[in-house]
Structures are given as C-alpha cells and as structure tokens.
Amino acid sequence: MTLSKTQTQTTPTQIRLNARPKGMTNASTWHITQDAPPALEDGDLRVSVEYISVDPAMRGWLDDVRSYLPPVALGEVMRASGVGHVLESRSAAFAAGDAVFGMTGVQSEYVGPAKGFFKIDPRLAPLPTYLGGFGSTGMTAYFGLLEVGQPKAGETVVVSAAAGAVGSVVGQIAKILGCRVVGIAGGADKCRAVVDEFGFDACIDYQNESVAEGLKKHCPDRIDVYFDNVGGKILDTCLTRLALRARVVICGAISQYNATERPAGPSNYLQLLVSRARMEGFVVLDYAKQFPVAIAQMAGWLTDGKLKFSEHVVDGLDRFPEAINMLFSGRNTGKLIVKV
Ligand SMILES: NC(=O)c1ccc[n+]([C@@H]2O[C@H](COP(=O)([O-])OP(=O)(O)OC[C@H]3O[C@@H](n4cnc5c(N)ncnc54)[C@H](OP(=O)(O)O)[C@@H]3O)[C@@H](O)[C@H]2O)c1
C-alpha cells in the first residue's frame, strides 16, 4: 500500500473499497489504484486534492444498511470531503487556481461534476480549517449545540469525545455562551487539553475514573444539555444526571460504529420522562444553507481569540487506512485530516 513520493506526486491515486469490514477496517478493506482520471465533460472540474477529512461517519458508509446516505459501493473510490485547487474547469462557476471544498473522495485528483463544490478563501483560513472548524465538524458543533441543544447562559453542558473535532468546538461555543462546560474524554493528557487548551471547566477521564462520580462532582446542578458523540454506557450514565427539561443531543455514537452485534439500547431512557427531557438526533447536512452564517460568526470568535481549532494531520494518502482507525482507538486530538 506504500507509495513512493514520485508516484504520489505524478500519478493520480485512488483508495477504493475492496471488501465490507466486519468490526474495524483492516488492510483488506481497501485497495489502491492508479487509474487515469476520465476526460472532463461540460460542468466538470479537475481538482488537485490536497487534504482529506477523516470522519467517524465513514465507518457507517461501508455497511450495506439504510442510512442518511447510500453505502459506498464495492470498487468505488472511498467517499470523503476534501479541499484543494482547481486544475481545469468546464464549469462557469470555477476557474483554474480556485481553492475549493467538495466531496472529492479519498484520491489525489478529483474529476467530476462541479455541483456540490464551493470556493473557499485561503486568505481567511488555511485549507485544512475548511475540513475542521469551518468544515462539517465545526458546523456539526455549531448547529447541533445551538439548534438542538439550545443552551442558555448559566446552564451546564456536558460533551463526550471532548478532545475531538466536534467535541472541542462544542465546549468552546458553550463557554462563549456563558455555560458551565464539562467534558468527557479518554486519558489524562486529553483531559488536560480539554481544560487547559479548550477552556472547559472540568473533564472526566472515562478510562480511569467513574463517569457517574465525575458527573456528581462536576455537575452539582445536573446536566441541562448533554451533547453525545459516543453513545453506549456514557450516554446511559449521563441520562441518570439530567436536570429538569434537559436536552440530549444525539450527534453520534462512535462506541458502536464497529460493533459486530446489535448494541444494547440505553437502559436509563425513562430518566427522560422523570426529567421531562428531550433526546433528539440531527444530521449536519440539513443545515447546509446556513453554513455561511455559522462560518462568519465562528470567524469572528476566532479573530477575538475566543475559539481555537485543533487539527491532527496524518501525512500521506496511503496512510488513510491507518488514519480511519485512529478515530476508534482515540489516537487523534482535534480534527483528523490526511495530507495527500
Ligand atoms: N450528526 C452529524 O451530522 C455528525 C456530523 C459529524 C460528526 N458526527 C459525530 O460526531 C462524533 C465526533 O466526531 P469527530 O469527527 O469529532 O471525531 P473525534 O471526536 O475527533 O474522534 C473520535 C473520538 O471518539 C472517541 N472514542 C472512540 N471510541 C470511543 C469509545 N468506544 N468510547 C468513547 N469514546 C470513544 C475518541 O476520543 P477519546 O480518546 O476521548 O476516547 C476519539 O478520538 C462522532 O460520533 C461522529 O459520528 C455527527
């Protein structure tokens, strides 16, 4: 799977789905091709892909089950968002040299419809930021928290996977809004980053301490908003500590994405009744029309020094198979990105 530097620079390279995984992906999940891209047709772009977003949702796209997007087909280039520069355009909306964001796939060169691509401004932020803070993870944090969580100043917000791409931004926005913010993350180093770098009030190390005890200690007024990135036992424990009229935001359930058996449901769900609480899922794509508004507001917070984005960059397209599994073993802090 390793490519020489000359190959990666000169030959378009694609990472395709070879076999549907059971549990974690492994080397046999993928196969690498160096196919010449098709000729451009009217309305198409040729894009040099420079950075690719690595997302937990990718694991779900590999399973042949009903979801909010169809599964990636066997032999197809792995679906991914990416950023890069237009090399050639047959679309009136783009010109060679434009920096763009779009569903490029896990490949070094995209050739296909310009539909769904949009221009990005490298003077406003470096390209990787458009996959992280100004990309779908930042948008997920923004709309999931504000639209579904609806936090108010003085309320307590708890966030799991708090050192991750979405979680770290959720906590910072909740702090900007005047909330008390408690993170849940794996390991002492991550918890330190959550408090010292991202400014949360406290962080519970779920790998080394009891989440139930941590919530009692750090959420004396219980939880008004629980932003759930992980599902499973952590979700179940948070349900036992909800405040009256709490909101539970179902953003993701990363603890379950590699499950080979049907996971148990949250056994404490009746706490929603006791607390007159609400649990609601959302998909960030539903807010796409409002992304420019969110980006403008987040850019302001960034300039004012109230918000910071953290990126974890893995160098080399051929390291995508390793990178996707880093999400599930917690080896990333901040937004995970592959540099092509
Ligand atoms: N609803 C939407 O539209 C939408 C859009 C984007 C993302 N999401 C969801 O948002 C969540 C976070 O995504 P992200 O891109 O920001 O990833 P991320 O948080 O940057 O990375 C994933 C993190 O999850 C944690 N984790 C992995 N396995 C775990 C387990 N078994 N139990 C508890 N924690 C575990 C790890 O952190 P620790 O080391 O702390 O365990 C890991 O670093 C995911 O569930 C994703 O599917 C939803």
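The values are calculated or read from the model by the stated rules, or taken from the named source; none is laboratory data. Quantities reported herein were computed from a predicted structural model and do not represent experimental measurements. Every residue, glycine as well, gets a Cβ built from its backbone with ideal geometry; the counts of neighbours run over all protein chains shown. The area values use the complete protein model at the heavy-atom level, side chains included, leaving out ligands, DNA and RNA. Shrake-Rupley method; radii C 1.70, N 1.55, O 1.52, S 1.80 Å.
Could you tell me which Cys residues in the chain have no other cysteine's Cβ under 4.7 Å from their own Cβ, answering none if every one has a partner?
Those would be C179, C219, C238, C251, since no other cysteine Cβ in the chain comes under 4.7 Å of theirs.
Limiting things to C-alpha atoms, what are the Rg and the maximum Cα-Cα separation (Dmax) for the range 200-340, in angstroms?
My reading of the Cα-based Rg and Dmax gives 17.7, 50 Å.
How much length would be gained if the chain were fully extended between N268 and A36, taking 0.36 nm per residue of separation minus their Cα-Cα distance, in nm to one decimal?
78.2 nm
Note down the nm distance, to one decimal, between modelled labels 7 Å out along Cα→Cβ at A153 and at M326.
About 3.9 nm separates the two model spin labels.
Put I176, I204 in order of accessible area, largest first, 1.4 Å probe: what do you get?
The most accessible residue leads, giving I176, I204.
At a probe size of 1.4 Å, how large is the accessible area of D201, to the nearest 10 Å²?
60 Å²
Computed from the mean reciprocal separation of all distinct C-alpha pairs, what Kirkwood hydrodynamic radius does the range 43-143 have, in Å?
Kirkwood hydrodynamic radius for the range 43-143: 14.2 Å.
What accessible area per residue, rounded to a whole number of Å², is obtained for the range 1-120 using a probe radius of 1.4 Å?
Heavy-atom accessible area per residue stands at 49 Å².
Ignoring ligands, DNA and RNA, what percent of the accessible area of the range 136-285 is carbon or sulfur (1.4 Å)?
After summing per-atom areas, the C and S share lands at 50 percent.
Taking a cut-off of 36 Å, what percent of all Cα-Cα pairs in the chain are separated by more than that?
21 percent
Could you put Y68, Y51 in order of accessible surface area, largest first, with the 1.4 Å probe and the full protein assembly present?
The residues order as Y68, Y51, largest area first.
Using a 1.4 angstrom probe on heavy atoms only, work out the carbon and sulfur share of the accessible area of the range 299-340 in %.
Within the range 299-340, the accessible surface is 44 percent carbon and sulfur.
In square angstrom, what is the accessible area per residue of the range 136-285 with a 1.4 angstrom probe?
Here the residues of the range 136-285 average 43 Å² of exposed surface.
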